[in-house]
Each structure stands twice: as structure tokens, then as C-alpha cells.
1. May I ask you to evaluate 6.51 cos²θ - 1.76 cosθ + 1.60, the Karplus curve with θ = phi - 60°, for each residue of the stretch 71-84 and list the ³J(HN,Hα) values in order in whole Hz, giving x for glycine and proline?
2. Going 7 Å from the Cα of ILE76 along its beta-carbon direction, which residues of the stretch 1-45 have the amide nitrogen within less than 12 Å of the resulting point?
3. Can you tell me the equivalent ellipsoid semi-axes for the stretch 1-115? Use √(5λ) from the Cα gyration tensor, largest first, whole Å.
4. Treat each spin label as a single point 7 Å out from the Cα along the C-beta direction, and report the ARG43 to ASP83 distance in nm.
5. Compute the signed sum of charges (Lys and Arg +1, Asp and Glu -1) over the other residues within less than 11 Å, Cβ to Cβ, of ILE96.
6. Test of understanding: express the Cα radius of gyration of the stretch 55-94 as a ratio to 2.2 N^0.38 Å, with N the residue count.
7. Give the residue list of trypsin sites (Lys or Arg not before Pro) in the stretch 46-100 that are DSSP loop and have at most 13 other beta-carbon atoms within 10 angstrom.
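Just so it is clear, none of the values below were taken in a lab; they were calculated from the coordinates. Quantities reported herein were computed from a predicted structural model and do not represent experimental measurements. Positions of Cβ are generated from backbone atoms using ideal geometry, with glycine treated the same way; all protein chains shown enter the neighbour counts.
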Amino acid sequence: MLNRVILMGRLTADPELKKTASDISVTSFTLAVDRNYGKGADRQTDFINCVAWRQTAEFISRYFSKGRLMAVEGSIQVRNYVDKNDNKRQAVEVLIDQAYFADSKNSAPHAGVPDDFGPPPPPSRSYAAAPAASSYQPAPSMGYSSGAAEDFEEVSEDEEDLPF
């Protein structure tokens, strides 16, 4: 069985750190994740509910804010509960294991990331001039494409010392 999720999107609000009765940190937040779209197609966005616990929750609430682009890894979890009107409900959310910065500091919300969760403005970077050429030459990488047919030998199925 496999339950693994990798998402990249923008936070729809500042994540708020909360504590359980047993003093465990937790934060819930929503990521606005754009779907793939083709030429001439309208852009569509999914709003994915996420939850993080303990150190991951503390990290997210400390370093991420509304509009920041973040990448997350986790798994999907489904919770069943009864609301205050005694209706049975089901919540589907991503349980976050890891969170990563997916934008630069220059595109943080205070630097012009739009509130509509569209693409951020292109970062303004100044690159230093390329260093002068040196005499260093990296070794050629070895790979499957660098071998010739003569470099291989046929192995019969009878041999006992196969490497696997």
C-alpha cells in the first residue's frame, strides 16, 4: 500500500500554531494548488486542507505566512466526526511530514506576492560576472551511454554467482 502526497502551492492564510491539552503543537492550513492546464485553458486551483504536528507545525507557523509558496510531503488522512448538530461528517486532509520553502525571500508576501494566489512576479536577481575559465576539466561521467557493445558479456542463466 502506498499513501504519499507531494504538493506545492501558496498558503491562503497565516498558519496559526495551537496546542492540544497535552501540550502538543498543531497547525492547520490550506494550500492553493494550481492544476496543470493547457494552452488556452482556464487556470484552476484546488484548495487542499493540511495539518502538521509537533516540530513540523512549529516550523511552518514560524517561517511561513499567507501567500508564501511552499512544498510539502505527507499522506492523506480521512477523519470521521460528528458536528455540533449531530451530523456525521468526513474530513480529508494531508498530514504533513516535511515542509520546504519553494520561493525566494524576495517573493515573500511583503515583497509583492499578490493576494489572488497567481504566479509571483519574477524575482529580481543580479548575477555576478562568470568567473574566468580555469584549467579544471571535470572527469567524464560514467553511464550506460558511455559503454560499447564489446564491453558487455553474456551471462548464462545457469551461473550460480549472479550479483543479485
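1. 10, 9, 10, x, 9, 7, 10, 10, 10, 9, 8, 10, 7, 5
2. So the set is 2-6.
3. Values: eigenvalues 125, 78, 39 Å².
Those come to 25, 20, 14 Å.
4. Rounded to a tenth, the inter-label distance reads 3.1 nm.
5. Details: positive: ARG54; negative: GLU73, GLU93, ASP97.
Surrounding charge for ILE96 is -2.
6. On the way: Rg = 14.5 Å, N = 40, 2.2 N^0.38 = 8.9 Å.
Ratio of Rg to 2.2 N^0.38 Å for the stretch 55-94: 1.62.
7. Details: sites: ARG54, ARG62, LYS66, ARG68, ARG79, LYS84, LYS88, ARG89; in loops: LYS66, ARG68, LYS84.
For trypsin sites (Lys or Arg not before Pro) across the stretch 46-100 that sit outside H, G, I, E and B with at most 13 neighbouring Cβ atoms in 10 Å, the list reads LYS84.
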